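Down below is the structure, laid out as structure tokens.
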Amino acid sequence: MFLVNIQEALGIQPNVALDMSFALLRSMLVEYSLMWKERNKEDEKDEHGKYEWIELPDWDDPTKTIRVKKYYDVDSFIGA
């Protein structure tokens, strides 16, 4: 599982990852995780207002989830 995460997150092939230091791989994964957390902060704001990312079940495959924006205020979507 660790090698699969390395390959999907960092694009490093498993045979190359086995030759690398565990501490280096772990620090790269931690940095990758922090980068995604910073990108997906809950206090983000776009042209429609503040939102947060939530995960919902996928309609096509219920075992998977999809990420969507949950807006706190929907006034910008209603043309009054």
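The values are calculated or read from the model by the stated rules, or taken from the named source; none is laboratory data. All values reported here derive from a predicted model rather than from experimental measurement. Neighbour counts are summed over all protein chains in view; Cβ atoms, including those assigned to glycine, are modelled from backbone coordinates with ideal geometry.
Below is a table of values for the structure above.
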read-out	value
Selection count where residues are at negative phi and in contact with a helix residue (DSSP H, G or I) (Cβ under 9 Å, 6 or more places away or on another chain), scope the range 48-80	2
Output for the range 45-80, where each listed residue is among the aliphatic types (A, V, I, L, M) and modelled with pLDDT of 80 or more	ILE54, LEU56, ILE66, VAL68
